[in-house]
Amino acid sequence: MKILLLSHYYYPEVGAPQRRWRILVDHLRASGHQVITVAPHPHYPYPDRAGFFGSGVGRGRRRVEVRLGGTWDTGVDGERILRVPYLHSGASMARQVLDQTVSATGAMSAVIDRLRGKAKPDVIVSTTPALPFLLTGDTLSRVLGVPHIAEVRDAWPDLISEMNLVTGAVGKYLPRTLTHPLERRFLPNLLTRAQRRAAVVVVTTEGFKRRLEDRGVTAEVVRSGVSPAELAGASGLTATGAIPIISSDVEGPSLVSPKTAKAKTGLNLLYVGTVGRSQDLGTSIRALARTEGVRLRIVGDGVDISHLTAVASEAGVFVEFFPQHAGVELAAHWGWADAGLVSLSSLESYEYTVPSKLYSLMARQIPVLGVVAGEAADIITDTAAGEVARPGDVDSVSTAMMTMRKRIEAGDAFGANPPAGQEPREWVIRHASAAAMGHSYERILQQVVA
């Protein structure tokens, strides 16, 4: 099967979408499928390629020329990548949307120019969080006459209105009388129509699947998959090294919480990942001011770094900030940590979202402090993987921090005797491993193309 993947985010960039599709592409190619990825030149989360290639993640990576019509590139495992232009982005939402729109438009042009006739794919897969790529996938599906699978990793289009994305992006240029109908009606309706036309919309939670089905959308759940390397105990949760061929049976060593072997005083809490508005790490920082014996370390990049630095200063607490790391450097941070922080803001749609880092922590049996609601909170509670706090509630987060600190100091075993009868690692292997993700995608692809 010839599969065309449209994505704004792809390896060697580091992040949840990049890791998800690196694993999937390896699985699909190992199963005999041809995969061509159409993506911009690597730059995320930096405004341009210079920033990316000067970073610890990008340094030494291969560069390709930027040109209209796309440039063929070869991935680390030999996969074909058609690199398309992008706009130098910035911290503002408007610049990020423009960047995504330029790349999505470039992807459409490059595919129509290069992948027609005998080169035409059997199926097109588009993936968010870059919403313009959903529309590109919808358009190319109709132009080329092939089915479209729309992967929607978060609660789109609901988040457009809940986050006031149009107002936030262009509110200083356009009046509210224009931005309000755009984010409340026009854009949500546009994206919902595209989702209805798709052969399948792939989502990551059961709750959002039901919400889309109520709108007449055909939806399937494929949770983000933890790689075999992570199941085997690799400590770099965002590392993107070679991924072994995915078998249907995934086994690995039984792991222990990193700090349970010796007496412990206090709690070392680590957050790794995107540092943006959606994660609302400010609530956890403010909770530190009300909690003794908790140390917080944030490793990652994003638009909210400067704001969080100011929040920590205002709250009078010390928070360690580190740039994005992978591999050995990231392993050192996990060696320091007693528990991992998973956090989302209090928007209603985030109750239908499960951050993929939760699965990584559960697979490696690292205790979780989850500032989450809905399905993510239920998973933590049902598997006894850690403590849960209400998003946006400083008192609730402080209470959860204190409880986790006491449990860490007492040497409690997280994941023991879970209420639902399935401990965290076992739950991940059954529902959110790379094997489970890969086989689910293959089944959906075969149904769509048949």
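Worth pointing out:
- Residue match in the stretch 401-424 (condition: assigned to a helix (DSSP H, G or I) and among the polar types (S, T, N, Q)): yes
- Filtered residue count, the stretch 212-221, keeping only those that are in a helix (DSSP H, G or I) and surrounded by 15 or more Cβ atoms within 10 Å (Cβ to Cβ): 1
- A single member of 241, 225 is at negative phi, modelled with pLDDT under 95, small (Gly, Ala, Ser) and in contact with a strand residue (DSSP E or B) (Cβ under 6 Å, 6 or more places away or on another chain), and it is 225.
- Listed by first and then second residue, the pairs linking a residue in the stretch 381-409 that is at positive phi to a residue that is assigned to a loop (DSSP other than H, G, I, E, B) and hydroxyl-bearing (Ser, Thr, Tyr), with Cβ atoms under 8 Å apart and 6 or more places separating them unless they lie on different chains, are 392/345; 392/346.
- Reported count of residues in the stretch 281-310, each being open to solvent by 10 Å² or more (accessible area, probe 1.4 Å), within 17 Å of residue 344 (Cα to Cα) and without any contact (Cβ under 8 Å) to a residue 40 or more places away in the chain, is 3.
- Of residues in the stretch 135-167 being open to solvent by 40 Å² or more (accessible area, probe 1.4 Å) and acidic (Asp, Glu), the one nearest to residue 202 (Cα to Cα): 154
- Those strands (runs of 3 or more DSSP E) of the stretch 1-104 in which 1 or more residues are closer than 26 Å to residue 227 by Cα and aliphatic (A, V, I, L, M) occupy 2-6, 34-40, 80-84.
- For the stretch 343-388, a residue qualifies if it is open to solvent by 10 Å² or more (accessible area, probe 1.4 Å), among the hydroxyl-bearing types (Ser, Thr, Tyr), closer than 14 Å to residue 427 by Cα and at pLDDT 90 or above, and exactly one does: 381.
- Odd one out for residue 95, checked against (1) open to solvent by 70 Å² or more (accessible area, probe 1.4 Å); (2) of a type in the set (D, E, K, R); (3) more than 18 Å from residue 8 (Cβ to Cβ): (3)
- Within the stretch 368-397, being in contact with a strand residue (DSSP E or B) (Cβ under 8 Å, 6 or more places away or on another chain) and in a helix (DSSP H, G or I) holds for 376, 377, 380, 381, 396, 397.
- Subset tally (residues that are part of a helix (DSSP H, G or I) and at pLDDT 90 or above) for the stretch 130-173: 13
- Options 278, 254, 313; residue that is of a type in the set (Gly, Ala, Ser), exposed (fewer than 15 other Cβ atoms within 10 Å of the Cβ) and at pLDDT below 90: 254
- Pairs where the first residue, in the stretch 200-211, is closer than 15 Å to residue 378 by Cα and open to solvent by less than 40 Å² (accessible area, probe 1.4 Å) and the second is part of a helix (DSSP H, G or I) and of a type in the set (Phe, Trp, Tyr), C-beta under 8 Å, 6+ apart: 205/352; 207/352; 208/352
- Subset of the stretch 101-127 (residues that are surrounded by fewer than 23 Cβ atoms within 10 Å (Cβ to Cβ), touching a helix residue (DSSP H, G or I) at 6+ places or on another chain (Cβ under 6 Å) and in contact (Cβ under 8 Å) with a residue 60 or more places away in the chain): 120, 122, 123
The values are calculated or read from the model by the stated rules, or taken from the named source; none is laboratory data. Because the structure is a prediction, the values reported are computed rather than measured. Quick reminder, even Gly has a Cβ in these numbers, built from the backbone with ideal geometry, and neighbours come from all protein chains shown. Just so you know, the surface numbers come from the protein's heavy atoms only, side chains and all, with ligands and any DNA or RNA stripped out. Shrake-Rupley method; radii C 1.70, N 1.55, O 1.52, S 1.80 Å.
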